[in-house]
Amino acid sequence: MPTEDTVKDLTHLRKDFPMLSKSMHGKPLIYFDSGATAQKPKVVIDAMDNFYRNSYGTVHRAVYELSMQATLDFQEVRKKIATFLNAAAPEEIIYTRGTTESINMVAYSFGKAFVKPGDEILITEMEHHSNIVPWQLMCEDRGAVLKVVPMNDRGELMMDEFKKLLTNRTKIVSVAHIANSLGTVNPIKEIVKLAHQAGTKVLVDGAQAAPHMKIDVQDLDADFYVFSGHKVYGPTGIGILYGKAALLEAMPPYQGGGDMIEKVTFEKTTYNVLPMKFEAGTPMIAEVIGLGAAIDYLTNVGLDNISRWEHSLLEYATIAMVGIDGLHIIGRAADKGAIISFVIDKIHPLDLGTMLDLKGIAVRTGHHCAQPTMRHFNVPATARVSFGLYNNKNEIDAFVTALRAVAGKLR
C-alpha cells in the first residue's frame, strides 16, 4: 500500500474539468459517478472543437489536404493507444463504439471462427451485462455452453472453482479487470496463465481499469483487451479493442461496408488488412481525436500517480463510511479499485441517491448492469460511489456528512 508521503495530491487537476465548476440544485457539484462516465478535461473538448472548426475532413478516402491531415491524425491516435496499452503494433488496435461493441465484436467474430457445438465459454459471476449477454447470444448461435465462475461473499473470484471449470473444451475466458459493481481487481495474470496452459484464449474487460491503472497487454499476455473512451476522460461513442494480430487475422469481419474491403465484385469480396478489416464505414473521427487528447492528458498526469491518489481516496472514504450506522459495503475484496457499493438498512438506494442529488452529490444507484451480482448478495440494488482523478478528500467529507443527514431523515 502506498504511504501518505508517496501519494501525489491531484486536487489541483479539478480546475481542468469545466463541468466540475458547475452546481446541481444550487449546490457545488460533487461528482462521484466516474465509474459510469468520467467528466472531460478542457483539452479534450478543445481538441474536438478545433477539429470541427478548423480541420474537419473524412479519412482514408480522398487526396485533398483536409482529408489527408485528418487521416494522419486519426492514425496517430491509434499509435498513442498502442503505446498506452503496450500493444506490439498499432494494427492490433481496432476502433469501436465502446466496450460493449468491442465485446460483441469478439463474441461474434471469434465465435464464428473458433467455436463449435459443445464448446464452452467461461465468464464470472461479477460481470457487467455487456460481458454476459454477447456470450449468451454467441452460445445460442454456435451451440456452445456458457459456464460461470462463482465469487465469495467478499466479492473475490473463487480461483479453485475457476481451475475446475477450465477444461480442454473452454474456448475463451471473458473477465472484468475491475468489477464495475464491486470494485474487485481480478488476478488477470494468473487467469491468463492458467487459461493459456489449457489452450484457452482470454478477453479482459478493461472498462473500469484503463482510466485508473497502467495497462500492459503484453505483460498480462491478454489475447483481447477492451475499454471505452468516455471512461478514460474522452468522448462517448468511441472504444478500443486490442487483439493479438494472429487472432484478428484468423477472425472474419464483424460488419461489411466501406474501408474494410480490398476488392468487391458481385461474385466475391476480399477484405482489407488489419485494422481496417474490422472498421467498416465512416468512423467516429472527432471522437478518435478527442480520445487521443484524453490519452495524452492521462499520460501526462501519470497512471501510477492516478492509481495511488485514487487508492488513498478509496481508503479514506471506506474508513469514514463504515462508521455510519446500518451501512454495509458490498464487495470487500482485498484488492479493490476506487469503487464503493453500499446499502443502508431499511433505506432503498434510489431514495439515497435522490436525496443526495438535492445536496449536489452525484452517485449511482441501481443494479449497475450487474443483476447476477446483486442476486449473489441478496440485494435489489446498491448505491455506488466511484472516484476519478479529480476527486478529493474534502468532497468525501462533505459526502459523508450529507449521507449521515440523509440516512437520518429516511429512517
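The values are calculated or read from the model by the stated rules, or taken from the named source; none is laboratory data. What you are looking at is a predicted structure, and each value in this text was computed from that prediction instead of being measured. Ideal geometry is used to build each Cβ from the backbone, glycine not excepted, and the neighbour counts take in all protein chains shown. These accessible areas exclude ligands, DNA and RNA; they are computed on the full protein's heavy atoms, side chains included. Shrake-Rupley method; radii C 1.70, N 1.55, O 1.52, S 1.80 Å.
Within segment 316-335, the set of residues being in contact with a helix residue (DSSP H, G or I) (Cβ under 9 Å, 6 or more places away or on another chain) and assigned to a helix (DSSP H, G or I) comprises TYR316, ALA317, ALA320, MET321.
A single entry from PRO41, PRO28 fulfils the requirement of being more than 22 Å from GLY258 (Cα to Cα), out of contact with any His (no Cβ under 6 Å at 6 or more places or on another chain) and open to solvent by 50 Å² or more (accessible area, probe 1.4 Å): PRO28.
If you go through segment 246-274 and keep only what is open to solvent by 40 Å² or more (accessible area, probe 1.4 Å) and closer than 30 Å to GLN197 by Cβ, you end up with ALA246, GLU249, ALA250, TYR254.
Between ARG332, ARG384, ARG411, the distinction of being within 28 Å of LYS42 (Cα to Cα) and in contact with a Lys or Arg (Cβ under 9 Å, 6 or more places away or on another chain) belongs to ARG384 only. Just one of the numbered conditions (1) outside any loop (DSSP other than H, G, I, E, B); (2) under 28 Å from VAL175 (Cα atoms); (3) of a type outside the set (A, V, I, L, M, F, W, C); (4) open to solvent by 20 Å² or more (accessible area, probe 1.4 Å) is not true of GLY290: (4). Taking first residues from segment 19-33 that are under 18 Å from LYS393 (Cβ atoms) and partners that are open to solvent by 90 Å² or more (accessible area, probe 1.4 Å) and not in a strand (DSSP E or B), the Cβ contacts under 7 Å between residues at least 6 apart in sequence or on separate chains come to LEU29/LYS22.
In the set (1) out of contact with any strand residue (DSSP E or B) (no Cβ under 7 Å at 6 or more places or on another chain); (2) without any contact (Cβ under 8 Å) to a residue 60 or more places away in the chain, ALA381 fails one condition alone, (1).
Return yes when PHE51 is farther than 15 Å from GLY243 by Cβ and modelled with pLDDT of 95 or more and no when it is not. Taking the combined requirement at face value, the residue satisfies it. Cβ-Cβ distance below 6 Å, separation of 6 or more or different chains: which pairs start in segment 151-179 with a residue that is basic (Lys, Arg) and end on one that is outside any strand (DSSP E or B) and at pLDDT 95 or above? Note: pairs meeting the criteria are ARG154/ARG332; ARG154/ALA333; ARG169/ASP119; LYS171/PHE114; LYS171/VAL115; LYS171/ASP119. Taking ILE340 as the residue in question, decide whether it is touching a strand residue (DSSP E or B) at 6+ places or on another chain (Cβ under 7 Å) and without any contact (Cβ under 8 Å) to a residue 60 or more places away in the chain. Spelling it out, it is not the case that ILE340 is touching a strand residue (DSSP E or B) at 6+ places or on another chain (Cβ under 7 Å) and without any contact (Cβ under 8 Å) to a residue 60 or more places away in the chain.
Return the residues of segment 131-169 that are polar (S, T, N, Q) and either more than 20 Å from the chain's Cα centre (by Cα) or open to solvent by 20 Å² or more (accessible area, probe 1.4 Å) (or both); say none if nothing qualifies. If the condition is that a residue be polar (S, T, N, Q) and either more than 20 Å from the chain's Cα centre (by Cα) or open to solvent by 20 Å² or more (accessible area, probe 1.4 Å) (or both), then GLN136, ASN152, THR167, ASN168 are the ones that fit. For residues that are among the aromatic types (Phe, Trp, Tyr) and not in a helix (DSSP H, G or I), scanning just segment 39-73, find the one that is farthest from LYS22 (Cα to Cα). Among those residues, the one meeting the criterion is TYR64. Scanning segment 216-234 for residues that are assigned to a loop (DSSP other than H, G, I, E, B), surrounded by 24 or more Cβ atoms within 10 Å (Cβ to Cβ) and touching a residue at least 60 places away in the same chain (Cβ under 8 Å) turns up TYR233, GLY234. Within segment 13-24, can one find any residue that is assigned to a strand (DSSP E or B), within 30 Å of THR382 (Cβ to Cβ) and either in contact with a helix residue (DSSP H, G or I) (Cβ under 9 Å, 6 or more places away or on another chain) or modelled with pLDDT under 95 (or both)? Yes, because at least one residue in segment 13-24 is assigned to a strand (DSSP E or B), within 30 Å of THR382 (Cβ to Cβ) and either in contact with a helix residue (DSSP H, G or I) (Cβ under 9 Å, 6 or more places away or on another chain) or modelled with pLDDT under 95 (or both). If the condition is being among the charged types (D, E, K, R) and open to solvent by 50 Å² or more (accessible area, probe 1.4 Å), then segment 322-356 contributes ASP325, ARG332, ASP335, ASP345, LYS346, ASP351.
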